[in-house]
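Below you'll find the structure, written out as structure tokens, and then a few comments.
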Amino acid sequence: MSINELKSRVENDQVLVLERIFDAPRDLVFKMFKEPEHLMHWWGPIGWELPVCHIDFRPGGTWHFCMKCMDRNQGEYYGMESWGKVVYKDIIEPEMIIYTDYFSDADGNIDENMPSSEITLEFIDLGGKTKLVNRAEYVSAEALKSVMDMGMLQGITETWNRLEEHLNEVK
């Protein structure tokens, strides 16, 4: 696998596995996922910003955030907000973060009509580089299909490209 290449596969019809190698040490890549001052620079697809980012980074803690489209060239999406809420289950620094990812509203209420996912982020040390493995398990193949149909794969590709850019700026 070359650096910058996002590999994706589906297992058991309801688990999306994403892998990518970042040219940065594992401790630094892990830090990007725990500190709001870093997340606000890269989380979300191109043209989207993170105006709200409240993190309590511990097992049982939450991350409540808002992605907002700030790119006028994105037409109907301009000004749109997408709220999310993460509930952390387990954190093994700097190796793994396990959490449940929900769609929510601005008050942090979970949107039961949208599919949630169980996420395991694994940070694998490759001696100065880091392999990031994201396993997202959905309740059904239909739930996974619905987020794929929303363009999630393109969004994650753009998000991880922004992460790579931010890593290059801070290392």
- Ordering Met40, Met67 by the accessible surface of their heavy atoms, 1.4 Å probe, largest first, yields Met40, Met67
- Task: Counting helices only, and only those DSSP H runs with n ≥ 4, report the 222 nm mean residue ellipticity of the chain as the sum of -39,500 (n - 2.57) divided by its residues, in deg cm²/dmol to the nearest 500.
- Result: -7500 deg cm²/dmol
- For the pair Val133 and Asn73, how long in nm is the line joining their label points, each one 7 Å along Cα→Cβ? 3.6 nm
- To the nearest 10 Å², what's His41's accessible area with a 1.4 Å probe? 110 Å²
- GNM, the chain, Cα, under 10 Å: largest mean-square fluctuation among Gly84, Gly44, Gly61? Gly61
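Per residue, how much accessible area does region 46-171 show when a 1.4 Å probe rolls over the protein heavy atoms, in square angstrom?
Roughly 54 Å² per residue, with all protein chains present.
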- At a probe radius of 1.4 Å, what is the per-residue accessible area of Val86, in Å² to the nearest 10? 0 Å²
- Message: Heavy atoms only, 1.4 Å probe, whole protein assembly: order Glu11, Glu93, Glu112 by accessible area, highest first.
- Response: Glu112, Glu93, Glu11
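Using a 1.4 Å probe on the protein chains only, how many percent of the accessible area of the chain belongs to carbon and sulfur?
Carbon and sulfur together cover 47 percent of it.
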- Message: Nothing charged except the Cβ atoms of Lys and Arg (+1) and of Asp and Glu (-1): what's the magnitude of the dipole of the chain about its Cα centre? Round to the nearest 20 debye.
- Response: 380 debye
- Provide the gained length on full extension for the span Glu35 to Glu95, in nm with one decimal, where the gain is 0.36 nm per separating residue minus the Cα-Cα distance. 20.0 nm
- Task: Under 18 Å Cα to Cα from Lys131, which lysines show up? Leave out anything in the same chain fewer than 8 places away.
- Result: Lys7, Lys31, Lys34, Lys171
- Which number do you get for Rg(Cα) / (2.2 N^0.38 Å) in the chain? 0.99
- Going 7 Å from the Cα of Ser8 toward and past its Cβ, which residues in region 99-131 have a backbone nitrogen under 18 Å from where you end up? 101-103, 115-122
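The values are calculated or read from the model by the stated rules, or taken from the named source; none is laboratory data. Predicted model only: the values in this text are computed from it and were never measured. Please note: Cβ atoms are built from the backbone with ideal geometry, for glycine as well, and neighbour counts cover all protein chains shown. These area figures cover heavy atoms from the full protein model, side chains too; ligands, DNA and RNA do not enter into them. Shrake-Rupley method; radii C 1.70, N 1.55, O 1.52, S 1.80 Å.
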